[in-house]
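Asker: What follows is a structure written as structure tokens; I'll ask about it next.
The values are calculated or read from the model by the stated rules, or taken from the named source; none is laboratory data. The structure displayed is predicted, hence computed values, not measured ones. So basically every Cβ, Gly included, is an ideal-geometry build from the backbone, and we count neighbours across all protein chains shown. Heavy atoms of the whole protein, side chains included, go into the accessibility calculation; ligands, DNA and RNA do not. Shrake-Rupley method; radii C 1.70, N 1.55, O 1.52, S 1.80 Å.
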Amino acid sequence: MISLKEIIICSISVFNNYKLNLLYQIPKKKYMKNPKFLFVILIAFVLLGKAAAQDCSYYNLSEGMVAAYQNQDPKGKVTSTTRSTCLNVSNDGDAIIYKIKSEFADAKNKNQSAKEYEMKCKGGEFFIDMQSLVDPKSMEAFKGMEVSIDSKDLIYPAGLAAGQNLPDASITVSASTGGVSLLNLVINITNRKVVGTESVTVPAGTFDCFKITYDMETKMMFKVNATVAEYVNMGVGNVKTETYDKKGNIAGTTLLIELKK
């Protein structure tokens, strides 16, 4: 009789190598004498593939989930807050789409604004719309103009590991009137690396995180270069973000202060 252990080993071997030559990896007499064995192997292969394609562990989002953040200056003084709510979770083919609403306010809970954007999980990767990183106040400069947006999503693989390099991301917001270019906002994120793991304590709790660093260049009226360190928990998302200026001095910090699932 074929053991369950043999079935699992063979199934995982096929899945990890993305090959359909299973019959050549198993002694022929086994599957010829027991056709059910081959059927179980093929079913296991399909289920494993489906599980990997839908691994959305970076953000374990559900409708109504709320994450609130506090932004601080270099001295730890609160400058603004952000509150993100998951409005809807839906399927689009083999992708899962998350509709998010972010609300912004200053330290006194005034000058409020809001925007909506989407995040997506597909093929074991999590895609974050780069428009989510654009300050709503910056977008006020584009009011009354013809606006076009060209972006490359911020991607997080389902499996993170120290030493891993992650894809670059970018967004360009262009404004024009009558076909004449007037204003451009460009954000480039490069050199993304998983540098290690850390336990991080913030007002919302203590989380085991991957530390990811990257370079960020922002260009509008002038250019600003910064280095960012973000602490990501698989299942919660971003827990803490530290931004440093080109001299290596802390320029700001963002902390998760509330989490409701």
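Asker: For segment 173-207, how many residues meet the condition of being open to solvent by less than 20 Å² (accessible area, probe 1.4 Å), closer than 16 Å to E242 by Cα and aliphatic (A, V, I, L, M)? Show your work before the answer.
Answerer: Applying the first criterion (open to solvent by less than 20 Å² (accessible area, probe 1.4 Å)) to segment 173-207 yields 173, 175, 185, 187, 189, 192, 194, 196, 200, 202.
Now narrow it down to the ones that are closer than 16 Å to E242 by Cα: 189, 192, 194, 196, 200, 202.
Keeping just the survivors that are aliphatic (A, V, I, L, M) gives 189, 194, 200, 202.
Number of matching residues: 4.
Asker: What is the number of the single condition among (1) more than 18 Å from Y69 (Cβ to Cβ); (2) assigned to a strand (DSSP E or B); (3) open to solvent by 60 Å² or more (accessible area, probe 1.4 Å) that K247 does not meet?
Answerer: If we test K247 against (1) more than 18 Å from Y69 (Cβ to Cβ); (2) assigned to a strand (DSSP E or B); (3) open to solvent by 60 Å² or more (accessible area, probe 1.4 Å), just (2) comes out false.
Asker: Checking G144 against (1) open to solvent by 50 Å² or more (accessible area, probe 1.4 Å); (2) in a strand (DSSP E or B): exactly one of these is not met. Which one?
Answerer: (2)
Asker: Right, here's the next one. Go through segment 206-244 and count every residue that is part of a loop (DSSP other than H, G, I, E, B) and not aliphatic (A, V, I, L, M).
Answerer: So in segment 206-244, the residues part of a loop (DSSP other than H, G, I, E, B) come out as 220-222, 234, 236.
Cutting the leftovers down to not aliphatic (A, V, I, L, M) gives us 222.
Number satisfying all stated conditions: 1.
Asker: Run down D150, D168 and say which single residue is open to solvent by 50 Å² or more (accessible area, probe 1.4 Å) and under 18 Å from I212 (Cα atoms). If you could, list the steps in order and put the result at the bottom.
Answerer: On the way: D150 fails: under 18 Å from I212 (Cα atoms).
Criteria check complete, one pass: D168.
Asker: Here is a further query. Check I128 against each of (1) of a type in the set (A, V, I, L, M); (2) more than 23 Å from S176 (Cβ to Cβ); (3) open to solvent by 70 Å² or more (accessible area, probe 1.4 Å) and name the one condition it does not meet.
Answerer: Every condition holds for I128 apart from (3).
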